Amino acid sequence: MNDFNIKIEYKHVPRFDSGSDESVDYLESEGYVIIKNALTANEASKTLDLLWDYLENLGTGIDRTNPLTWSDDKWPTCAHGGIIPSYGIGHSEAQWFVRGVPNVKKAFAKVWETNDLLTSFDGVSLWRPWNIDPSWKTQSGQAWFHIDQHPISKPGKQCIQGLINLLPTSKEIGGNVVIPKSHNFFKDIPEEYKERVERLPLDIDHFRFPHDDPKLSSEPAVMAHMEPGDMLLWDSRTIHCSSSGSSLPEGTNDLIRAASLICMMPKELSSKEILEKRIHAAENLVSTTNWTNDFRNADEFPIILEAENRDQYKWPKKPNLSDYQKELIA
Ligand SMILES: O=C(O)CCC(=O)C(=O)O
Ligand SMILES: [Fe+2]
């Protein structure tokens with residue numbers, strides 16, 4: 001794993017209890033942190049079952065027991081890194097199940113020092129076994145190191161993103177990659193990349209770095225080992241990506257990575273207008289991005305609008321939400 005001189009190390013890093021002082025200290029200093037067993041192993045396995053229910057109920061012929069049915073003509077449209085952002089995924093039973101687990105909210109509540117939080121309505125990253133079809137292999141990390149926060153329109157600490165890992169990770173499979181401490185570079189980006197930043201529309205919270213940027217090799221990039229149920233939190237200013245691994249064991253015929261994207265932010269950051277849009281989104285199963293105080297409709301992402309077969313997908317039915325889950329909407 002060493003293109004463009006960017007070193008990625010698969011590594012066991014400290015894992016912290018949800019809601020612990022140590023977890024937020026680590027996040028502040030490293031720009032990321034692993035929350036140990038945000039979901040129990042059983043909850044992680046239930047989430048994965050619910051994700052398969054979502055996929056099979058799209059009505060395109062996906063069968064969880066037969067990888068030959070996981071072809072692109074049946075699989076939902078993916079964004080970078082195998083992320084499924086649309087077709088009701090943000091309101092699938094799977095995603096709402098995860099949001100309803102108190103230990104998940106507890107981690108964000110400690111970060112923001114409030115329980116009054118709203119959840120994102122975002123999707124999942126699912127990686128199909130690319131030994132069956134090489135075109136399923138996701139990009140190598142070097143191709144898309146990025147931050148998810150506009151360097152000018154969103155200064156300072158704004159968002160902590162999350163990802164709940166549902167399957168065992170390994171160097172061979174690959175996974176999320178972060179550059180430790182790289183959130184500290186964020187403030188210098190407008191000056192350093194004047195032209196690039198000026199070209200970036202103020203409402204686009206995605207900034208990519210050129211491959212030869214020395215920040216990408218400032219510290220060895222970390223691909224952290226995660227147990228099923230562990231949650232990775234990272235500051236949107238931290239340089240990150242996901243990267244496919246080296247090789248898969250012969251005969252691999254199941255999903256190799258499943259990660260539920262989840263983000264919670266203080267409710268007080270959202271305007272009345274945003275809250276109304278969020279209520280409407282939950283009613284109509286509209287998926288969004290990680291931001292809870294900004295509204296970007298994931299069903300209107302260019303890759304979705306351009307997908308020729310987008311009308312073939314049957315959307316999930318509206319989930320029955322508990323009061324605890326409803327409070328996370330608005
Ligand atoms: O799949 C991953 O690990 C990273 C995805 C990502 O960049 C994001 O959700 O912002
Ligand atoms: Fe990202």
request  = Go through the residues of the stretch 106-120 one by one and say whether even a single one is crowded, with 19+ Cβ neighbours inside 10 Å, modelled with pLDDT of 95 or more and in a loop (DSSP other than H, G, I, E, B).
outcome  = yes
remark   = Every listed condition ((1) surrounded by fewer than 23 Cβ atoms within 10 Å (Cβ to Cβ); (2) within 16 Å of ligand 1 (Cβ to nearest atom); (3) over 22 Å from LEU51 (Cβ atoms)) holds for PRO220 save (2)
message = It is to be established whether one or more residues within the stretch 308-318 are surrounded by fewer than 16 Cβ atoms within 10 Å (Cβ to Cβ) and polar (S, T, N, Q).
response = yes
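Which residue out of SER182, SER170, SER236 is under 30 Å from THR252 (Cα atoms) and either small (Gly, Ala, Ser) or surrounded by fewer than 17 Cβ atoms within 10 Å (Cβ to Cβ) (or both)? Let's see the steps before the verdict.
Details: SER182 fails: under 30 Å from THR252 (Cα atoms); SER236 fails: under 30 Å from THR252 (Cα atoms).
Within the list SER182, SER170, SER236, the selection yields SER170.
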key: Residues being farther than 18 Å from SER217 by Cα, in a loop (DSSP other than H, G, I, E, B) and not hydroxyl-bearing (Ser, Thr, Tyr) - total across the stretch 141-166   = 12
task = Looking only at the stretch 195-206, decide whether some residue is surrounded by 13 or more Cβ atoms within 10 Å (Cβ to Cβ) and under 18 Å from the mean Cα position of the chain (by Cα).
result = yes
Failed condition for ASP205, given (1) out of contact with any Pro (no Cβ under 8 Å at 6 or more places or on another chain); (2) of a type in the set (Asp, Glu); (3) away from ligand 2 (no atom under 16 Å from the Cβ) = (3)
request  = Filter the stretch 243-298 down to residues that are within 20 Å of TRP112 (Cβ to Cβ), more than 16 Å from ligand 1 (Cβ to nearest atom) and of a type in the set (S, T, N, Q) and give me whichever is surrounded by the fewest Cβ atoms within 10 Å (Cβ to Cβ).
outcome  = SER271
note = Of the residues in the stretch 48-98 that are over 21 Å from the mean Cα position of the chain (by Cα) and of a type in the set (Ser, Thr, Tyr), the one that is farthest from ligand 2 (Cβ to nearest atom) is THR65
note = For helices (runs of 4 or more DSSP H) lying entirely in the stretch 10-100, having 3 or more residues that are without any contact (Cβ under 8 Å) to a residue 40 or more places away in the chain picks out 21-30, 41-57
ask   = Mind checking whether some residue in the stretch 165-186 is farther than 20 Å from ILE34 by Cβ and within 16 Å of ligand 2 (Cβ to nearest atom)?
value = yes
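The values are calculated or read from the model by the stated rules, or taken from the named source; none is laboratory data. These numbers were taken from a predicted model, which means no experiment stands behind them. A quick note on method: Cβ atoms are made from the backbone with ideal geometry, for glycine too, and the neighbour counts reach across all protein chains shown.
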